[in-house]
Structure formats: C-alpha cells, structure tokens
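Worksheet for the structure shown next.
The values are calculated or read from the model by the stated rules, or taken from the named source; none is laboratory data. Please read all numbers here as calculations on a predicted model, not as lab measurements. Backbone-built Cβ (ideal geometry, glycine too); neighbour counts: all protein chains shown.
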Amino acid sequence: MTENRHNPRLTDQEIEHYKNEGYALPQGKVFSDEKFAALVEHFEGKLAAWPKDQRPEAMDTPHFGDPKLNEWALASIGNGVKQLRYQVSSHTCGTCD
C-alpha cells in the first residue's frame, strides 16, 4: 500500500474506493507543513480584507479571483487527480470496453 502522509499520492485502498464508488476521500496530509502554513497565512489575509458587512460564507469560490489559490490546488491536489485519471484510463476489466 502507498503511504499518503506527506504527499498527495493516493493509497491503493483510496484508488479502489474511487473505482467502486466514483469518489475518493484522501487521508493524511495533502500539503507539507510549510505549504499548509503559507496557504493558511494567505487565506487569513483574504479573510481579514473581506468586507466586515459580508459573511465569510459568501466567499464560496475565492480561487476564481485569486490565481495564487489555484497554485496550491494544481500543484498538490492535481497530482492525486492525475493518479486517478491514469488508473481509470488504464482500466481493462474486459466488461467496460
């Protein structure tokens, strides 16, 4: 089984769950401690600048207007997605052709 503590790689069990259920919920860390601390700092800055008369829940898609947030998503989470795409594209059970 692949260990998933400090990298976005999915375990064999997570991949099987994805194949069977259509979704995966990765366990363990997605980001290193340093990257996560930088993400928290960046988001807290956005939250501090958020208008005081608006609820933070209204910020449901902050990555649309902030390319920096996409850097975290694409660099770390994207690797897990690539891994799933590879697993699905190389799937050859004989009944799915």
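Summary of values
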{"quantity": "Subset tally (residues that are surrounded by 12 or more Cβ atoms within 10 Å (Cβ to Cβ) and either within 18 Å of Pro67 (Cβ to Cβ) or not aromatic (Phe, Trp, Tyr) (or both)) for segment 9-26", "calculated": "11"}
{"quantity": "Where a residue in segment 32-56 is within 14 Å of Asp66 (Cβ to Cβ) and its partner, wherever it lies, is of a type in the set (Gly, Ala, Ser), with Cβ under 9 Å and at least six apart", "calculated": "Trp50/Ala58"}
{"quantity": "Odd one out for Val30 among (1) at pLDDT 75 or above; (2) loosely packed, with under 15 Cβ neighbours inside 10 Å; (3) part of a loop (DSSP other than H, G, I, E, B)", "calculated": "(2)"}
{"quantity": "Search result, residues across segment 33-71 that are in contact with a His (Cβ under 9 Å, 6 or more places away or on another chain) and surrounded by 12 or more Cβ atoms within 10 Å (Cβ to Cβ)", "calculated": "Asp66, Lys68, Leu69, Asn70"}
{"quantity": "Segment 60-97 - residue that is polar (S, T, N, Q) and within 25 Å of Asp33 (Cα to Cα) and, of those, modelled with the highest pLDDT", "calculated": "Asn70"}
{"quantity": "Within segment 33-85, considering residues that are assigned to a helix (DSSP H, G or I) and of a type in the set (Asp, Glu), the one nearest to Gln13 (Cα to Cα)", "calculated": "Asp33"}
